[in-house]
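Chemist: Sharing a structure below in structure tokens format, with a few things to ask.
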Amino acid sequence: MLAFGAYPQESEMARGQRRLFVGVLWISLISLGAFTALRISEGSTLVAVIVGVEVVLHTSALIALRFWPQKLLPIAMVVFSYALAAEVASTYLYGGILSAGVTVIWSLIPVLLALILLGSRSAMIWFSGFVIAVAATVWMEWNVDPTYELASPAFGAGLNITVAMTVIVALLVYSRRQRDRFQQESSDLLHNILPVSIAARLKSGDELIADDMADVSVLFADIVGFTPIAAEITAADMETWFLESRI
């Protein structure tokens, strides 16, 4: 399921971002499908249409990633934009933030995804949009007559907050694990090619590393017949030969 949009030249970082976005799309498809069915059963037709369009959009996003995997960011922007607009529109139909069961909290997920996929500057823009959306839905609570009414806004609010925060925490945990993995791989690479002391200084921010040594000894060793030997065996066999010979 997370393989949608994979391509041969995909970097490790791009792969992690794509898998994260695709995972959110699959989760949202399941939850939005159930939400659409619930709103249809309640008679909230316009809300069901808004959410149904979001289901179609998320499905289309998965298909688009299948054919244009390197267009992840534009696809994500379209999905994020509609998600924010859909929450505001649904809240309007219910008459405000509390009457709608605080569904606007789901708009925090695009903010977090923008931070992971696009960077802090884009995340701040999306967070500003979230704040404006919250302010608008609060205003609606006192100034808009509801088209539909939830059976229990308090229960809806509790459910929306709980599920949305669960998804957000899961995204944060996944992102943290990805970051830790990349940092560990980078650290292992440094220690493979540099002495421990030099690697530590590079990681601490030293840009120029030059030490004065009062007394230095240089050992040069040459292996007689090395070239013919290297021509007859593989690189792996050569490494094994060096280790066994303890050279």
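Chemist: Once the other residues with Cβ under 15 Å from the Cβ of V173 are scored (Lys, Arg +1; Asp, Glu -1), what is the net sum? Walk me through the numbers before you get to the answer.
Modeler: Values: positive: R19, R176, R177, R179, R181; negative: D180.
Net charge in that neighbourhood comes out at +4.
Chemist: From a point 7 Å beyond the Cα of Q183 in the direction of its Cβ, which residues of region 108-126 have a backbone N at a distance under 17 Å?
Modeler: What the label zone holds, given the 17 Å backbone N cut-off, is 116.
Chemist: Compare S186, S41, S204 in a GNM of the chain, Cα atoms joined below 10 Å, and give the one with the largest fluctuation.
Modeler: Maximum among the listed residues: S204.
Chemist: Okay, moving on. Using Cα-Cα distances under 8 Å and only pairs 6 or more residues apart, what relative contact order does the chain have, in percent? Let's see the in-between values first.
Modeler: Working: 207 pairs, mean separation 37.8, N = 247.
RCO, the chain: 15 percent.
Chemist: Quick check: Cα centre of region 5-81 to Cα centre of region 178-247, how many Å?
Modeler: Going from one Cα centre to the other spans 46 Å.
Chemist: Just flag the chymotrypsin sites (Phe, Trp or Tyr not before Pro) in region 164-224 sitting in loop per DSSP whose Cβ has no more than 15 other Cβ atoms within 10 Å. Provide the component values of the computation, followed by the final result.
Modeler: Working: sites: Y174, F182, F220; in loops: F220.
Hits after loop and neighbour filter: F220.
Chemist: Calculate the tail of P(r) for region 27-91: the fraction of all Cα-Cα distances greater than 15 Å, expressed in %. Intermediate results must be reported in sequence, preceding the final value.
Modeler: Working: 1082 of 2080 pairs.
The proportion of pairs with Cα distances above 15 Å equals 52 percent.
Chemist: Using the charge dipole of the chain (Lys, Arg: +1 at Cβ; Asp, Glu: -1 at Cβ; taken about the Cα centre), state which of T45, L208, M238 has its Cα farthest towards the positive end.
Modeler: Farthest towards the positive end: T45.
Chemist: Could you give the size of the charge dipole of the chain about its Cα centre, using +1 on the Cβ of each K and R and -1 on the Cβ of each D and E, expressed in debye and rounded to the nearest 20?
Modeler: On the way: 14 positive and 21 negative charges, 190 e Å.
For this selection, approximately 920 debye.
Chemist: Can you give the charge dipole size of region 51-166 about its Cα centre, rounded to the nearest 20 debye, using +1 on the beta carbon of Lys and Arg and -1 on the beta carbon of Asp and Glu?
Modeler: Working: 3 positive and 5 negative charges, 113 e Å.
Roughly 540 debye, rounded to the nearest 20.
Chemist: On to the next question. Candidates (1) 91, 43, 28; (2) 151, 35, 20; (3) 63, 48, 35; which is the computed Cα extents along the principal axes in Å?
Modeler: (1)
Where a number appears in this text, it was derived from the coordinates with a stated rule and is not lab data. Quantities reported herein were computed from a predicted structural model and do not represent experimental measurements. Quick reminder, even Gly has a Cβ in these numbers, built from the backbone with ideal geometry, and neighbours come from all protein chains shown.
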